[in-house]
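What follows is one structure encoded as structure tokens, with my remarks underneath.
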Amino acid sequence: MEESAKAIARPAASRSLREAIREARLEEAERLHVTADSRDGEIARLELLKAELETVFAELPAGDDRFNLVLVPSRPARLWIDLFTYATVDANGAYLFVRNGESGRRTLYSSTSIPEIADRITRYIAHEIVHRERMEASLTDTGVSILGVAPPSRPSMGVVIAAFAIGIITGAVGLFAAVMLTAQGG
């Protein structure tokens with residue numbers, strides 16, 4: 001108790017703002033060093049996962065632009081798979097496969113093994129491709145689609161030509177009327 005009273009009653013000359021700022025800077029530098037090391041570790045681990053997935057992304061069907069393997073060194077670093085899903089590394093060093101949705105973030109899978117998480121991501125991509133194929137097939141059926149709406153029919157060439165001709169005739173009549181009204185007014 002007596003020591004705490006002495007610390008409180010310490011003379012102002014023993015307090016130094018300059019010394020406190022120096023200590024705060026040292027603490028901040030140490031914290032940033034530890035943070036930078038862990039961030040570099042996250043990015044390095046995600047680069048290993050990215051290398052594992054590059055062959056999968058090379059096999060994507062032509063024209064399927066939903067998937068894009070992009071490593072973003074944000075906080076936390078993220079390896080984006082598509083618009084809604086990404087892989088990241090948690091504080092314990094485990095890979096997390098996360099999906100953003102309307103109800104928030106949901107961890108789809110967690111593992112410390114690169115092959116395991118790469119397999120899960122590959123299966124996710126395969127399921128998404130099959131789901132889209134099924135959706136496209138239902139929309140192109142001649143019957144009612146899953147949305148309950150018949151797919152739009154394409155107009156015949158005769159209808160397109162007739163619409164074009166009517167547009168030209170209407171434009172010509174309108175131009176002729178404008179010229180006549182201008183000539184009568186002036």
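Would you check if A94 is over 15 Å from L71 (Cβ atoms), at pLDDT below 95, surrounded by fewer than 17 Cβ atoms within 10 Å (Cβ to Cβ) and in contact with a Ser or Thr (Cβ under 9 Å, 6 or more places away or on another chain)? Yes, satisfied. Among the residues of the range 51-82, those that are part of a helix (DSSP H, G or I) and touching a residue at least 12 places away in the same chain (Cβ under 8 Å) comprise E52, L53, E54, V56, F57.
Scanning the range 56-70 for residues that are more than 26 Å from V98 (Cβ to Cβ), modelled with pLDDT under 70, of a type outside the set (F, W, Y) and surrounded by fewer than 10 Cβ atoms within 10 Å (Cβ to Cβ) turns up nothing. State all residues of the range 83-94 that are part of a strand (DSSP E or B), free of Cβ contacts under 8 Å to residues at least 40 places away in the same chain and among the small types (G, A, S); if no residue qualifies, say none. Hits for the range 83-94: nothing passes.
Table: residues versus (1) at pLDDT below 95; (2) of a type in the set (S, T, Y); (3) out of contact with any strand residue (DSSP E or B) (no Cβ under 6 Å at 6 or more places or on another chain).
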residue	(1), (2), (3)
R78	yes, no, no
G101	yes, no, yes
T112	yes, yes, yes
V130	yes, no, yes
P151	yes, no, yes
G158	yes, no, yes
I168	yes, no, yes
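The values are calculated or read from the model by the stated rules, or taken from the named source; none is laboratory data. This one's a predicted model, so the numbers in the text were calculated from it and none came from an experiment. A quick note on method: Cβ atoms are made from the backbone with ideal geometry, for glycine too, and the neighbour counts reach across all protein chains shown.
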